[in-house]
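K.L.:
One structure coming up, written as structure tokens, with questions to follow.
The values are calculated or read from the model by the stated rules, or taken from the named source; none is laboratory data. Because the structure is a prediction, the values reported are computed rather than measured. So basically every Cβ, Gly included, is an ideal-geometry build from the backbone, and we count neighbours across all protein chains shown. Note: accessible area is taken over every heavy atom of the protein model, side chains too, but ligands, DNA and RNA are not part of it. Shrake-Rupley method; radii C 1.70, N 1.55, O 1.52, S 1.80 Å.
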Amino acid sequence: MTLSLPLLPLDDLATRVAGPVLAGDDPRVPAEVAAFNLTHTPRPAAVVGATCTADVAADVRFAADRGRSVSVQSTGHGLVSDLAGSVLITTRRMAEVTVDPVARTARVGAGVRWAQVIEAAAPYGLAPLNGSSSHVGVVGYTLGGGLGPMARRYGFAADHVRSVRLVTADGTVRDVDAQSDPDLFWALRGGKGNFGVVTELEFDLMPVARLYGGGIFFPGAAAAELLHTYRTWVDTLPEETTTSIALLRLPPLPALPEPLRGQFVVHLRVAHLGTAEEGAALLAPMRAVAPPIMDMVGEIPYAAVDSIHMDPTDPMPTWERGATLRELPAAAVDELLAIAGPGVEVPLIMVELRHLGGAAGRPARVPNAVAGRDAAFTLFALGPMAGPLAETMPAITQSVVDRMRPWAGRGPLLNFLGVAGADRVARIWDDADLMRLLGVKERLDPGDVFRWGHALLARR
Ligand SMILES: Cc1cc2nc3c(=O)[nH]c(=O)nc-3n(C[C@H](O)[C@H](O)[C@H](O)COP(=O)(O)OP(=O)(O)OC[C@H]3O[C@@H](n4cnc5c(N)ncnc54)[C@H](O)[C@@H]3O)c2cc1C
């Protein structure tokens with residue numbers, strides 16, 4: 001029994017919502033709040049499994065009236081704290097997907113994962129702007145910007161949002177678009193969960209049925225040649241080609257193909273929106289650097305998009321830190337190799353560079369709060385939070401970012417930030433954008449009901 005429970009008359013709430021209402025100490029809570037990132041164990045005061053917008057509105061009113069904060073969880077891919085004391089709304093029951101093949105749009109409920117949208121859009125030769133893993137939730141990813149394998153061609157997922165249904169701190173349901181509330185529409189797309197609970201999202205789909213894509217695993221011993229070639233090779237690529245490269249220290253898991261198990265490898269990821277002939281010609285300089293362990297780049301249906309990054313799908317405890325890089329000169333590659341290259345003993349699972357530019361470097365047609373467009377690359381370091389490493393991993397990942405600081409941009413993309421207090425979150429934006437975000441926050445959530453995820457305001 002948590003101390004705060006007597007303050008929450010949950011029976012009263014249960015009569016007003018269709019979904020389950022659970023006290024924080026209910027034995028069903030661990031299953032209800034099971035997350036992808038196991039580093040944090042959610043400890044909300046209560047959990048409400050929302051089934052519809054009306055449930056969300058009732059939950060928010062209930063919490064706000066009692067001075068409680070509200071947290072939201074779809075998949076737990078972006079869980080960055082233990083949500084202690086909050087009323088947690090889980091959204092996975094809100095799983096409706098509607099595709100309009102004529103308008104080329106999708107409308108989804110708050111609990112939808114990208115895999116569902118990819119499947120619903122594919123029969124029409126359409127594809128969404130999902131990220132590296134289709135297991136990630138649509139809403140959390142998109143509100144944080146959303147950088148995916150077609151980013152250089154189409155920009156961020158947030159750039160293609162048409163409308164948002166949102167419950168704000170006063171329990172009001174708002175349909176927000178560029179006309180109805182331009183400031184809130186701007187802030188929601190890039191400012192993440194600071195302004196309310198999104199219950200539905202409508203966004204554009206792209207006319208993509210197939211692409212030339214996949215990953216090539218090279219031996220880690222060739223990391224220096226590969227990274228130095230990569231940094232100049234990317235300058236030759238058209239906007240139709242989005243790539244990333246990662247130094248991977250793979251665990252000896254049976255789920256991995258035998259030649260990769262327990263190996264230090266370099267993983268080049270490619271998505272080219274064009275013919276296989278064009279793609280192969282573009283890729284030739286990288287293929288020539290070293291014989292691959294496995295080369296899985298070829299023409300694929302968009303539905304096979306997960307094969308580009310091959311992200312893990314099983315929950316695990318990890319710690320991450322991100323940055324953006326303004327440039328990637330030879331000295332920056334040398335520093336990266338000194339941090340995580342061959343022969344370096346470092347317990348990082350992944351150190352990744354994603355190439356930006358193209359449409360990801362231009363403002364959206366309807367401008368939004370996505371920061372980091374002036375960067376040339378993202379940098380992302382990820383390590384396990386298990387055993388003694390749980391003590392040291394935050395410092396290890398931070399040191400990657402610190403050592404790359406000479407080439408760093410203002411801040412990481414919000415979705416690549418990892419655990420961070422409000423001061424660190426705020427540094428992502430320039431002063432004008434931060435003031436605009438804080439203005440919207442003050443207007444719609446003066447009591448800071450939505451203070452979880454990546455909070456704009458310091459905890460009071
Ligand atoms: C394996 C993996 C791959 C990833 N790949 C990419 C990638 O390629 N590109 C990229 O940009 N990001 C990527 N991410 C980061 C991911 O986009 C963020 O972690 C995102 O927040 C996950 O959203 P979620 O809803 O799945 O997670 P959750 O943990 O359920 O939610 C995270 C946060 O999103 C917000 N949120 C979720 N639902 C709502 C809602 N209904 N209303 C308001 N706020 C809400 C809240 O702030 C919440 O705390 C990846 C993460 C993982 C673990």
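K.L.:
Using modelled amide H (1.01 Å from N, peptide plane; none on Pro or chain starts), what sits under 5 Å from the amide H of residue 297, excluding residues fewer than 5 places away?
P.N.:
215
K.L.:
Wrap a convex hull around the Cα atoms of segment 5-90, take a quarter of its surface area, and give that in square nanometres.
P.N.:
Projected area, direction-averaged: 5.0 nm².
K.L.:
With a sphere of radius 14 Å drawn around the Cβ of residue 115, what net charge do the other residues whose Cβ falls strictly inside it have (Lys, Arg +1; Asp, Glu -1)?
P.N.:
Taking every other residue near residue 115 into account, the sum is -1.
K.L.:
Taking the 0 to 90 degree range and rounding to the nearest ten, how far is the long axis of helix 223-233 tilted relative to the main principal axis of the chain, both from C-alpha atoms?
P.N.:
80
K.L.:
Which whole-percent values make up P(r) of segment 318-363 when all C-alpha to C-alpha distances are grouped in 10 Å steps starting at zero?
P.N.:
Here the calculated profile for segment 318-363 is 20, 47, 27, 6, 0.
K.L.:
Same structure, new question: Bin width 5 Å, origin at 0, all Cα-Cα pairs of segment 271-356: what percent of pairs per bin?
P.N.:
Calculated P(r), rounded to whole percents: 2, 9, 14, 18, 22, 18, 12, 4, 0.
K.L.:
Using Cα-Cα distances under 8 Å and only pairs 6 or more residues apart, what relative contact order does segment 163-286 have, in percent?
P.N.:
Numbers: 167 pairs, mean separation 31.6, N = 124.
Answer for segment 163-286 is 25 percent.
K.L.:
Can you list the equivalent-ellipsoid semi-axes of segment 312-420, largest first and in whole Å, using the square root of 5 times each Cα gyration tensor eigenvalue? Before the final figure, lay out each step's value.
P.N.:
Working: eigenvalues 130, 63, 24 Å².
The equivalent ellipsoid of segment 312-420 has semi-axes of 25, 18, 11 Å.
K.L.:
What accessible area per residue comes out for segment 5-90, rounded to a whole number of Å², with a 1.4 Å probe? Kindly include the intermediate steps, with their values, before the conclusion.
P.N.:
Values: 3250 Å² over 86 residues.
Dividing the accessible area of segment 5-90 by its residue count gives 38 Å².
K.L.:
What Kirkwood hydrodynamic radius do you get for the chain when you take the inverse of the mean 1/r over all pairs of distinct Cα atoms, in Å?
P.N.:
Details: mean 1/r = 0.0444 Å⁻¹.
For the chain, the Kirkwood estimate is 22.5 Å.
K.L.:
Which order do 242, 41 take by accessible area at a 1.4 Å probe, largest first? Can you show the working numbers first?
P.N.:
On the way: 242 15, 41 75 Å².
Per-residue accessible area, sorted high to low, gives 41, 242.
K.L.:
With every protein chain kept in place and ligands, DNA and RNA left out, what is the accessible area per residue of segment 166-306? Probe 1.4 Å, answer in Å². Write out the running numbers ahead of the final one.
P.N.:
Values: 5140 Å² over 141 residues.
Accessible area per residue, segment 166-306: 36 Å².
K.L.:
So who's got an amide H within less than 5 Å of the one on residue 85, skipping anything under 5 residues away but keeping other chains? H placed 1.01 Å off N, in plane.
P.N.:
Those qualifying (amide H under 5 Å, at least 5 residues apart or on another chain) are 45.
K.L.:
Now for a different question. When the helix-only estimate is applied to the chain (DSSP H runs of n ≥ 4, each -39,500 (n - 2.57), divided by the residue count), what is the mean residue ellipticity at 222 nm, nearest 500 deg cm²/dmol?
P.N.:
Details: 14 runs with 122 residues, N = 460.
-7500 deg cm²/dmol, from helical runs alone.
K.L.:
Work through the residues other than residue 47 whose Cβ is under 14 Å from its Cβ and net out their charges, Lys, Arg +1 and Asp, Glu -1.
P.N.:
Values: positive: 28, 43, 68, 92, 93; negative: 25, 26, 32, 55, 59, 82.
So the surrounding residues net to -1.
K.L.:
So what's the angle, to the nearest 10 degrees on a 0 to 90 scale, between helix 389-403 and the longest Cα principal axis of the chain?
P.N.:
Helix 389-403 sits roughly 60 degrees off the main axis of the chain.
K.L.:
With the Cα gyration tensor of segment 210-416 in hand, give its eigenvalues times 5 under a square root as the equivalent ellipsoid semi-axes, listed largest first in whole angstrom. Let's see the in-between values first.
P.N.:
Working: eigenvalues 121, 98, 59 Å².
For segment 210-416, the ellipsoid semi-axes come out as 25, 22, 17 Å.
K.L.:
Pop out the ³J(HN,Hα) list for segment 416-430 in order, Karplus 6.51 cos²θ - 1.76 cosθ + 1.60 with θ = phi - 60°, rounded to Hz; leave Gly and Pro as x.
P.N.:
Computed from phi, the couplings for segment 416-430 are 10, 6, x, 5, 7, x, 4, 5, 6, 4, 4, 5, 5, 9, 6 Hz.
K.L.:
Related question: Roughly speaking, what is the centre-to-centre gap between segment 172-192 and segment 373-387 when only Cα atoms are used, to the nearest Å?
P.N.:
Comparing the Cα centres of segment 172-192 and segment 373-387, I get a distance of 29 Å.
K.L.:
Can you run phi through the Karplus equation (6.51, -1.76, 1.60; θ = phi - 60°) for segment 143-158 and list ³J(HN,Hα) in whole Hz, with x for Gly and Pro?
P.N.:
Once θ is set to phi - 60°, the couplings for segment 143-158 become 5, x, x, x, 10, x, x, 10, 4, 6, 8, 10, x, 7, 4, 4 Hz.
K.L.:
Provide the gained length on full extension for the span residue 253 to residue 281, in nm with one decimal, where the gain is 0.36 nm per separating residue minus the Cα-Cα distance. List each step's numbers first, then the result.
P.N.:
On the way: separation 28, 0.36 × 28 = 10.08 nm, distance 3.40 nm.
Value of the extension gain: 6.7 nm.
K.L.:
Between segment 210-259 and segment 74-114, how far is it from one alpha carbon centroid to the other, in angstrom?
P.N.:
Cα centroid to Cα centroid, the span is 30 Å.
K.L.:
Relative contact order for segment 410-460: what percent, with Cα pairs under 8 Å and sequence separation of 6 or more? Let's see the in-between values first.
P.N.:
Numbers: 36 pairs, mean separation 24.1, N = 51.
Worked out over segment 410-460, it gives 47 percent.
K.L.:
Could you tell me the relative contact order of the chain? Use alpha-carbon pairs under 8 Å, at least six residues apart, and round to a whole percent.
P.N.:
17
K.L.:
I'd like the Karplus ³J(HN,Hα) series for segment 159-165: coefficients 6.51, -1.76, 1.60, θ = phi - 60°, whole numbers in Hz, and an x wherever there's a Gly or Pro.
P.N.:
6, 10, 7, 9, 7, 9, 9
K.L.:
While we're on this one: Quick one: if the Förster radius is 35 Å, what FRET efficiency do residue 427 and residue 12 give, using the C-beta to C-beta distance and rounding to 0.05?
P.N.:
Details: r = 41 Å, r/R0 = 1.18.
Taking R0 as 35 Å, the efficiency between residue 427 and residue 12 is 0.25.
K.L.:
OK, next. Tell me which of 300, 209, 158 sits at the most positive position along the dipole axis of the chain, charges placed on C-beta atoms (Lys, Arg +1; Asp, Glu -1).
P.N.:
After comparing all options, I get 158.
K.L.:
As a test of reading the structure, rank 448, 100, 235 by solvent-accessible area (1.4 Å probe, protein chains only), most first. Can you show the working numbers first?
P.N.:
On the way: 448 5, 100 65, 235 125 Å².
Heavy-atom accessible area, descending, gives 235, 100, 448.
K.L.:
Calculate what fraction, in whole %, of the accessible area of the chain sits on carbon and sulfur atoms when a 1.4 Å probe is rolled over the protein chains. List each step's numbers first, then the result.
P.N.:
Numbers: 9880 of 17800 Å².
That share works out to 55 percent.
K.L.:
Turning to a different aspect of this structure: Tell me the angle of helix 276-287 to the major Cα principal axis of the chain, expressed in degrees between 0 and 90 and rounded to the nearest ten.
P.N.:
Value to nearest ten degrees: 70.
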